[in-house]
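> I have a structure I would like to understand better, so I am pasting it below and will then ask my questions one at a time.
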Amino acid sequence: MCTLAKHWIPSFSQHKIQRVTLQQRQASRQSYLAQDSDWLSFVDCTQTQIAAHFARADLPADDFMEILHRDVLHQFCEHFPAGKHTRSPAAWQSALPTLLNKWDHRRCMQRLGLGTLPNIFKGWYHATKYCLLRRAHKKLAFQTRKNLFFDVVAQAEAAARRHDTHKLFQIINRYAPKQPRKQIQLRTDDGHMASPVESAAMLNQFVASTWAGPARLHLHFDSAPGVPFTVQQLERALSQIPPSKAVAKPFSPGMVWRQHASVLAPLLHAKLTDWWATNPPKIPDSWRHGWLFLIPKPSKPPVSPQNLRPLALQEPVGKAVIGLLIQLVMKEVYHHMTLFPIWGFMEHRSSLDAIRRVSIHCADVRHLLGLHRSTPHQRASGATRHQLYGGLQIFFGPSTCF
């Protein structure tokens, strides 16, 4: 077993990873949106820390971003510590005394013995109290449900006014019809549940076969590439980092770097100028790596790696820089790519263009069939008729698109 684990389970590059809980992410996100004192204090501490870190010239490119994220994440966990979540009391707690008294009177009414005159009066007393409390409980329950509905609507309206789609979808998902949660449990070829080591081996083999290729691309340049964008473009790219998108575990949330976009842009641009002035350029490992996260595919049992959808979580700053490079490259090759029927991942094009192309082809084929229909008007016109005519469409769906 130890030999299997040694060869099948890859070792982590960082032996200790600072974890950020869901409560910390939610608390920091609300603090970021409100720009309260806790968030501003965190920003002041990390701003000084980032400036001091970029002043260091002894760190290699591969360790530079990892150490920066580790220090910032430590400050993040100090300002937004993980602790017990204090829940507000439930709405029905206010009706608890009425509810207990009602059922207590009902129990007393049922415990009466013989039908003597004192027992009759006691039963009448408890029955009247029970009926009064039942009516009061119904009114209180109706008012509680009404207040709860108004509270939910008020929270949704407040989130909509702040353009907080994350909070809005949280409210919708809390009261929307729940879908069954699929637990991922891989199985072997004979149908037995796979052990942790076997599951790791199956996932390792699936990843190796799906993304097979060289570990590094040995590209050669005539000269150093340099930095093809300005500080303003880099600042704009950093300010567009989504604050709610998930990032890989070793890195701090994206809203931290979105907040520091104006401070980080000139420092990072100067560092990139130094890294990319060499041939080949220096690119941190964390910018080139992705942390794989698997979720079940809809309408498929999560028992094999082929039925899982892979998501690659990345480092937020490197993702913004690489995205900026992709935008600049797409602007250069856009006029060349528009000559080909490429509909995905291109500006001003969507799946509707592909549907329109298919529908136009179908209309042209129907028109061609109508021209070859044997009618008196067609025969009198003397149009050229072909022995073989029609249309052909080929549809194919790859099993693994990416």
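> Mind telling me which of the residues Val317, Val329, Val303, Val321 ends up being of a type outside the set (D, E, K, R) and more than 21 Å from Leu234 (Cβ to Cβ)?
Val303
> When you go through Ser41, Ser31, Ser37 one by one, which is the residue that is among the polar types (S, T, N, Q), crowded, with 16+ Cβ neighbours inside 10 Å and at pLDDT 85 or above?
Being among the polar types (S, T, N, Q), crowded, with 16+ Cβ neighbours inside 10 Å and at pLDDT 85 or above holds for just one of Ser41, Ser31, Ser37, which is Ser31.
> Could you list all residues from region 298-312 that are assigned to a helix (DSSP H, G or I) and touching a residue at least 12 places away in the same chain (Cβ under 8 Å)?
Hits for region 298-312 are Pro305, Gln306.
> Anything in region 233-251 that is at pLDDT 90 or above, in contact with a Leu (Cβ under 9 Å, 6 or more places away or on another chain) and either acidic (Asp, Glu) or under 16 Å from Tyr32 (Cβ atoms) (or both)? List them, or say none.
Glu235, Leu238
> How many residues, within region 44-82, are within 16 Å of Gly254 (Cα to Cα), aliphatic (A, V, I, L, M) and in contact with a Pro (Cβ under 9 Å, 6 or more places away or on another chain)?
Number of matching residues: 2.
> Here is a further query. Of all residues in region 232-267, which are of a type in the set (Gly, Ala, Ser) and within 19 Å of His166 (Cβ to Cβ)?
Matches in region 232-267: Ser239, Ser244, Ala246, Ser252, Gly254.
> Can you tell me which residue is nearest to the chain's Cα centre (by Cα) among those in region 282-297 that are assigned to a loop (DSSP other than H, G, I, E, B) and touching a residue at least 60 places away in the same chain (Cβ under 8 Å)?
Among them, the one singled out is Pro284.
> Can you pull out the residues in region 361-398 that are closer than 30 Å to Met330 by Cα and either surrounded by 10 or more Cβ atoms within 10 Å (Cβ to Cβ) or touching a helix residue (DSSP H, G or I) at 6+ places or on another chain (Cβ under 6 Å) (or both)?
The answer is His361, and nothing else.
> Looking at Arg385, Arg356, Arg349, can you tell me which residue is out of contact with any Cys (no Cβ under 8 Å at 6 or more places or on another chain), at pLDDT 85 or above and charged (D, E, K, R)?
Arg356
> Within region 60-101, track down each residue that is aliphatic (A, V, I, L, M) and free of Cβ contacts under 8 Å to residues at least 12 places away in the same chain.
Across region 60-101, the qualifying residues are Ala90, Leu96, Leu100.
> Given the options Thr48, Thr21, name the one that is at pLDDT below 85 and of a type in the set (Ser, Thr, Tyr).
Result of the check over Thr48, Thr21: Thr21.
> A further question follows. Only one of Ala248, Ala194, Ala212, Ala158 is in contact with a Phe, Trp or Tyr (Cβ under 7 Å, 6 or more places away or on another chain) and at negative phi. Can you tell me which?
Sole residue among the options that is in contact with a Phe, Trp or Tyr (Cβ under 7 Å, 6 or more places away or on another chain) and at negative phi: Ala248.
> Now for a separate question. Check Lys249 against each of (1) without any contact (Cβ under 8 Å) to a residue 12 or more places away in the chain; (2) of a type in the set (Lys, Arg); (3) in the same structural domain as Leu68 (by TED's automatic domain parsing) and name the one condition it does not meet.
Against the list (1) without any contact (Cβ under 8 Å) to a residue 12 or more places away in the chain; (2) of a type in the set (Lys, Arg); (3) in the same structural domain as Leu68 (by TED's automatic domain parsing), Lys249 comes up short only on (1).
> Can you tell me which condition Thr210 does not meet? The list is (1) at pLDDT 85 or above; (2) farther than 30 Å from Thr165 by Cα; (3) of a type in the set (S, T, N, Q), and all the others hold.
Checking Thr210 against (1) at pLDDT 85 or above; (2) farther than 30 Å from Thr165 by Cα; (3) of a type in the set (S, T, N, Q), the one that fails is (1).
The values are calculated or read from the model by the stated rules, or taken from the named source; none is laboratory data. Quantities reported herein were computed from a predicted structural model and do not represent experimental measurements. Counting neighbours? That spans all protein chains shown, and the Cβs are built from the backbone with ideal geometry, glycine included.
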